[in-house]
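What follows is a set of notes on a single structure, which appears directly below.
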Amino acid sequence: MTEPTAHTAPADAVRGSWVTHAPGFARPFLQLSRYDRPAGFWLLGLPCIIGLVLARIPDGLVVEDAWLTLIFAIGAVAMRGAGCTYNDILDHDIDAKVARTALRPLPSGAVSLKQAWAWLLIQCLIGLGVLIALPDIAKLVALCAIPMVALYPLMKRITWWPQVWLGLTFNWGALVAPAAVRGEITLADWLLYGGLVLWTLGYDTIYAIQDREDDALIGVRSTARRFGGRIRPAVFIIYACCSALCAAAAYVADGWMGVALTAPFALHLALQVVRLDPADGARALMLFRANREAGMLLLAGWAFIAAPF
């Protein structure tokens with residue numbers, strides 16, 4: 001079994017990540033959970049917090065929301081790590097055939113399947129602790145996501161639209177949050193969820209540009225392959241619909257002020273499309289990572305409305 005080093009980090013890892021300096025025994029497990037690719041933690045956690053803020057817009061944020069935010073943050077780290085570990089367990093044979101993923105811990109031999117399963121269990125136990133800390137109705141809503149999480153790694157084998165399934169799964173927290181805050185899910189929450197699903201469809205299509213050639217060789221499907229030479233107009237339409245649904249959610253919750261404060265998020269998405277070059281995988285990765293800032297813009301705008309002053 002080989003020990004990964006800074007020089008054998010997966011191709012899409014953040015260069016200079018703290019993970020490359022972690023103790024050798026821990027490094028492959030951190031890589032399994034994508035601690036060297038932190039954008040995914042943000043993209044899983046932000047929908048929860050955005051959903052929480054939207055649910056508070058009528059009455060204002062309260063002190064207890066800081067506790068919920070912490071719970072959602074811990075849950076996002078644990079469950080994103082667990083999801084990536086599970087994905088790598090199922091895909092280790094495929095990953096060995098793709099240049100971007102060949103150096104991941106399982107195909108490279110840095111960890112065994114047995115060790116990966118044990119690491120997955122540890123992360124799921126942390127996620128269970130987060131689940132227990134939620135109010136009862138939010139627990140039930142959160143549990144509904146488990147089948148989607150379990151089936152996601154299989155979607156790229158059976159459909160051209162695995163990014164849609166990822167969107168349905170990754171943004172479920174936008175529904176858990178209002179269930180935790182007020183015990184119900186309203187029209188505004190569903191509109192936000194729909195918008196965020198489209199957001200994920202857009203940014204993960206951009207991400208999948210990096211793998212189009214390898215995916216075609218091994219028969220893996222994606223929206224980046226499905227759209228072919230029409231990726232830019234397709235992402236533009238997806239992002240436009242995303243922005244419209246998020247603006248509609250804000251309008252239902254707060255009227256035109258909510259729509260106005262959704263505009264910076266929409267502008268960020270539009271600029272991504274302008275800068276997108278379907279032939280440039282490095283730029284696609286950079287634009288994908290920039291969605292952390294896009295999500296923060298939406299959160300900041302809506303938090304301004306929900307601020308208790």
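The values are calculated or read from the model by the stated rules, or taken from the named source; none is laboratory data. Since the model is a prediction, treat every value here as computed from it, not as a measurement. Glycine also receives a Cβ, built like all others from the backbone with ideal geometry; neighbour counts cover every protein chain displayed.
Here are the numbers for this structure:
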quantity: Sole residue being in a loop (DSSP other than H, G, I, E, B), touching a residue at least 40 places away in the same chain (Cβ under 8 Å) and under 19 Å from residue 35 (Cα atoms), chosen from 61, 103; calculated: 103
quantity: Search result, residues across the range 140-156 that are in contact (Cβ under 8 Å) with a residue 40 or more places away in the chain, surrounded by 15 or more Cβ atoms within 10 Å (Cβ to Cβ) and either more than 25 Å from residue 197 (Cβ to Cβ) or of a type in the set (A, V, I, L, M, F, W, C) (or both); calculated: 141, 149
quantity: Any hit, the range 289-308, residues being basic (Lys, Arg) and either modelled with pLDDT under 95 or under 20 Å from the mean Cα position of the chain (by Cα) (or both); calculated: yes
quantity: Of all residues in the range 1-15 being surrounded by 11 or more Cβ atoms within 10 Å (Cβ to Cβ) and within 22 Å of the chain's Cα centre (by Cα), the one that is modelled with the highest pLDDT; calculated: 14
quantity: Among residues of the range 130-139, those that are surrounded by 12 or more Cβ atoms within 10 Å (Cβ to Cβ) and without any contact (Cβ under 8 Å) to a residue 12 or more places away in the chain, counted; calculated: 1
quantity: Set 173, 167: member being in contact with a Gly (Cβ under 8 Å, 6 or more places away or on another chain), buried (at least 22 other Cβ atoms within 10 Å of the Cβ) and of a type in the set (Gly, Ala, Ser); calculated: 173
quantity: Enumeration of residues in the range 112-155 that are in contact with an Asp or Glu (Cβ under 9 Å, 6 or more places away or on another chain) and at pLDDT 95 or above; calculated: 116, 137
quantity: Unmet criterion (only one of (1) at pLDDT 95 or above; (2) under 30 Å from residue 309 (Cβ atoms); (3) of a type in the set (Val, Ile, Thr); (4) buried (at least 20 other Cβ atoms within 10 Å of the Cβ)) for residue 69; calculated: (4)
quantity: Residues within the range 233-258 that are in a helix (DSSP H, G or I), more than 24 Å from the chain's Cα centre (by Cα) and surrounded by fewer than 21 Cβ atoms within 10 Å (Cβ to Cβ), tallied; calculated: 5
quantity: Qualifying residue in the range 26-34 (condition: assigned to a helix (DSSP H, G or I) and among the aliphatic types (A, V, I, L, M)); calculated: yes
quantity: 2 or more residues over 14 Å from the mean Cα position of the chain (by Cα): qualifying helices (runs of 4 or more DSSP H) within the range 140-186; calculated: 146-158, 173-182
quantity: Which listed residue, of 262, 200, is among the polar types (S, T, N, Q), under 17 Å from residue 54 (Cα atoms) and touching a Leu at 6+ places or on another chain (Cβ under 7 Å); calculated: 262
quantity: Candidate set from the range 272-288 (those that are in a helix (DSSP H, G or I) and over 20 Å from the mean Cα position of the chain (by Cα)); member that is farthest from residue 249 (Cα to Cα); calculated: 275
quantity: Set 276, 285, 298, 196: member being closer than 20 Å to residue 43 by Cα, touching a Lys or Arg at 6+ places or on another chain (Cβ under 6 Å) and in contact (Cβ under 8 Å) with a residue 60 or more places away in the chain; calculated: 276
quantity: All positions within the range 223-258 that are more than 26 Å from residue 306 (Cβ to Cβ), touching a helix residue (DSSP H, G or I) at 6+ places or on another chain (Cβ under 8 Å) and not hydrophobic (A, V, I, L, M, F, W, C); calculated: 223, 225, 232
quantity: Scan of the range 102-114 for residues that are under 13 Å from residue 85 (Cα atoms) and either under 25 Å from the mean Cα position of the chain (by Cα) or of a type in the set (A, V, I, L, M) (or both), ordered by number; calculated: 104, 105, 106, 107, 111, 113
